[in-house]
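K.L.:
To start, I am sharing the structure in question, which I have written as structure tokens.
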Amino acid sequence: MNWSRKAKKYTGVNLVEDNNKSDQLRKEILRLTGEYFDLVHKKKEFVPNETFVAASSKVLDKNDLNNLVDSSLDLWLTAGRYAEEFEKKLPKKFGTNFASSTVSGSAANLLAFSALTSEYFGKKRIKDGDEVITVAAGFPTTVAPIIHNRCVPVYLDVDLDTCNIKINEIKKALTKKTKAVFLAHTLGNPFDLDAISKFCKDNDLFLIEDCCDAFGSKFDGKPVGTFGNFASLSFYPAHHITTGEGGAVLYNDIKMKRIVESFRDWGRDCWCQTGMNNTCGKRYSWKLGKLPQGYDHKFVYSHVGYNMKITDIQAALGCSQLDKVEQFIDKRKENFEYLLKKFNEEKLDKYFILPKAHPKSEPSWYGFLLTIKNKSKINRNDLVKHLNSKRILTRLLFAGNLTKQPGYMNKKHRVVGGLKNTDKIMSDSFWVGVWPGLGQKELDFITYEIKKYILKS
């Protein structure tokens with residue numbers, strides 16, 4: 001990249017050519033940055049009982065740090081040249097036509113759902129009181145946008161081996177008020193997209209795929225996130241790639257770009273990129289709403305929106321991380337298969353329901369979920385405490401059962417078919433890591449300590 005030409009577009013500064021002193025200084029700063037990374041952030045050898053075995057975390061190298069420093073030297077603090085590059089690279093890596101970056105995966109979910117309330121959708125748009133089919137077992141920010149937009153979540157139970165929605169129950173949830181299905185691919189494990197896609201098509205429903213845990217997962221050879229109207233991604237440090245905080249909304253229809261980015265950028269009607277003006281050529285000629293003729297288009301608001309733009313520093317890290325995403329995905333798959341093999345070899349499947357994928361899917365696993373079998377005498381909390389005492393970090397399946405969470409239990413909702421398995425997950429499930437920073441030594445240690453606890457209990 002010719003950084004000077006790109007940076008000029010956003011800073012408005014007459015930057016020097018590559019052979020001038022500022023460019024030489026930049027190159028020297030970045031060389032020293034790489035040297036600093038090698039000295040300070042070198043990965044340490046794993047030591048059982050001393051080294052933390054995280055459930056999930058980031059994997060960074062000197063190229064990541066170089067990009068962070070490079071972007072900071074521009075002093076362009078909002079979305080700029082790196083954000084532009086990131087939004088071009090991301091959909092190509094993920095498998096969609098377009099991407100709109102934002103501040104988090106939670107924000108991506110909110111933007112995707114809010115976009116469906118736009119008047120641009122006419123009679124089909126989602127309105128107050130409409131129902132949305134989802135599950136209670138998962139992360140709360142899949143459901144939060146439904147509630148924030150004054151709609152009603154309709155909860156279905158999940159299967160215990162996949163922790164995805166019970167397909168055979170979904171028709172029972174359908175009413176005249178149903179407008180959408182909003183589901184996450186649990187821990188990177190794709191739900192049955194054949195069945196869900198057909199259900200949505202047959203009933204003219206919107207589909208939002210929460211892919212925050214599923215970057216790189218496939219169903220029937222096709223990337224998840226390409227089946228519905230919108231998909232969401234998270235770039236929190238625990239996810240497949242990171243921008244620190246960050247996320248994205250992905251979609252295939254160019255018409256959606258204006259709607260999503262309007263909600264993201266204060267709700268404004270103007271579609272100019274950051275640092276640009278009068279892209280439409282009619283900045284002072286529009287007559288919109290009840291505003292006077294010629295009201296400055298940069299300050300016309302067609303939606304009740306937010307400010308959820310990513311910073312250029314975040315996007316710079318995202319660009320570097322995307323260059324490594326394939327190897328991250330491969331390592332997650334490798335670690336998952338290794339753990340699955342170890343658990344079967346050690347006959348730990350006697351005590352746990354092990355994760356299972358749909359036969360047509362190829363998961364990019366986020367974690368290795370373990371659900372204690374009913375006949376087992378293992379206490380989940382005691383086992384988790386034991387693992388934590390050995391510095392093996394675990395996670396529950398997030399909210400467990402949202403209908404029993406303090407912030408959600410009194411919010412208007414419907415339950416269809418009961419939540420027996422969801423309650424089981426709430427009481428007896430947890431997961432351990434498969435992220436790329438883990439190797440066989442760490443995975444062997446996880447298996448060893450779980451088996452040791454079982455034999456002693």
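K.L.:
For S101, only one of the following conditions fails: (1) modelled with pLDDT of 95 or more; (2) under 18 Å from R264 (Cβ atoms); (3) out of contact with any Asp or Glu (no Cβ under 7 Å at 6 or more places or on another chain). What is its number?
P.N.:
It fails just one condition, (3).
K.L.:
Taking segment 223-247 as the search range and keeping residues that are outside any loop (DSSP other than H, G, I, E, B) and either without any contact (Cβ under 8 Å) to a residue 60 or more places away in the chain or not aromatic (F, W, Y) (or both), which one is nearest to G433 (Cα to Cα)?
P.N.:
Step by step, filter segment 223-247, then rank; the result is S234.
K.L.:
Another question, then. If you go through segment 322-331 one residue at a time, do you hit one that is under 19 Å from Y82 (Cα atoms), of a type outside the set (V, I, T) and in a helix (DSSP H, G or I)?
P.N.:
Looking through segment 322-331, at least one residue is under 19 Å from Y82 (Cα atoms), of a type outside the set (V, I, T) and in a helix (DSSP H, G or I).
K.L.:
For segment 287-301, state whether one or more residues are crowded, with 16+ Cβ neighbours inside 10 Å and of a type in the set (S, T, N, Q).
P.N.:
no
K.L.:
Suppose the filter is within 23 Å of the chain's Cα centre (by Cα), touching a residue at least 12 places away in the same chain (Cβ under 8 Å), closer than 20 Å to I425 by Cα and crowded, with 24+ Cβ neighbours inside 10 Å; does P153 pass it?
P.N.:
yes
K.L.:
Select, from L348, L339, the only residue that is within 30 Å of K441 (Cβ to Cβ) and in contact with a strand residue (DSSP E or B) (Cβ under 6 Å, 6 or more places away or on another chain).
P.N.:
Details: L348 fails: in contact with a strand residue (DSSP E or B) (Cβ under 6 Å, 6 or more places away or on another chain).
After applying the criteria, what remains is L339.
K.L.:
Next question, about the same structure. Can A316 be described as aliphatic (A, V, I, L, M), at pLDDT 95 or above, part of a helix (DSSP H, G or I) and within 22 Å of the chain's Cα centre (by Cα)? Outline the logic, then answer.
P.N.:
Details: aliphatic (A, V, I, L, M): yes; at pLDDT 95 or above: yes; part of a helix (DSSP H, G or I): yes; within 22 Å of the chain's Cα centre (by Cα): yes.
The answer is yes for A316.
K.L.:
Considering G216, G221, G305, which residue is crowded, with 17+ Cβ neighbours inside 10 Å, at pLDDT 95 or above, assigned by TED's automatic domain parsing to the domain that holds T117 and under 21 Å from L322 (Cα atoms)?
P.N.:
Of the residues listed, the single one that is crowded, with 17+ Cβ neighbours inside 10 Å, at pLDDT 95 or above, assigned by TED's automatic domain parsing to the domain that holds T117 and under 21 Å from L322 (Cα atoms) is G216.
K.L.:
Could you list, in sequence order, the residues of segment 397-421 that are crowded, with 18+ Cβ neighbours inside 10 Å and of a type outside the set (S, T, N, Q)?
P.N.:
Scanning segment 397-421 gives L397, F398, A399, G400, L402, Y408, H413, V416, L419.
K.L.:
Looking at this structure, is G228 touching an Asp or Glu at 6+ places or on another chain (Cβ under 6 Å) and farther than 24 Å from S57 by Cβ?
P.N.:
yes
K.L.:
Are any of the residues in segment 190-208 surrounded by fewer than 24 Cβ atoms within 10 Å (Cβ to Cβ), closer than 17 Å to A107 by Cα, among the small types (G, A, S) and in contact (Cβ under 8 Å) with a residue 24 or more places away in the chain?
P.N.:
no
K.L.:
Against the conditions (1) charged (D, E, K, R); (2) outside the structural domain of V103 (by TED's automatic domain parsing); (3) touching a Gly at 6+ places or on another chain (Cβ under 9 Å), where does E337 fall short? Just the number, please.
P.N.:
So the condition that E337 fails would be (3).
Listed here are the residues, each with its yes/no results for (1) at pLDDT below 95; (2) surrounded by fewer than 16 Cβ atoms within 10 Å (Cβ to Cβ); (3) in contact with a Cys (Cβ under 9 Å, 6 or more places away or on another chain).
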| position | (1), (2), (3) |
| --- | --- |
| R31 | no, yes, no |
| K43 | yes, yes, no |
| F52 | no, yes, no |
| A55 | no, no, no |
| L75 | yes, yes, no |
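K.L.:
Say whether the condition of being within 30 Å of K331 (Cβ to Cβ) and over 16 Å from the mean Cα position of the chain (by Cα) is met by at least one residue in segment 209-218.
P.N.:
No: zero hits.
The values are calculated or read from the model by the stated rules, or taken from the named source; none is laboratory data. Keep in mind that this is a model prediction, so the values were computed, not measured. Here the Cβ is made from the backbone with ideal geometry for all residues, glycine too, and neighbour counts use every protein chain on show.
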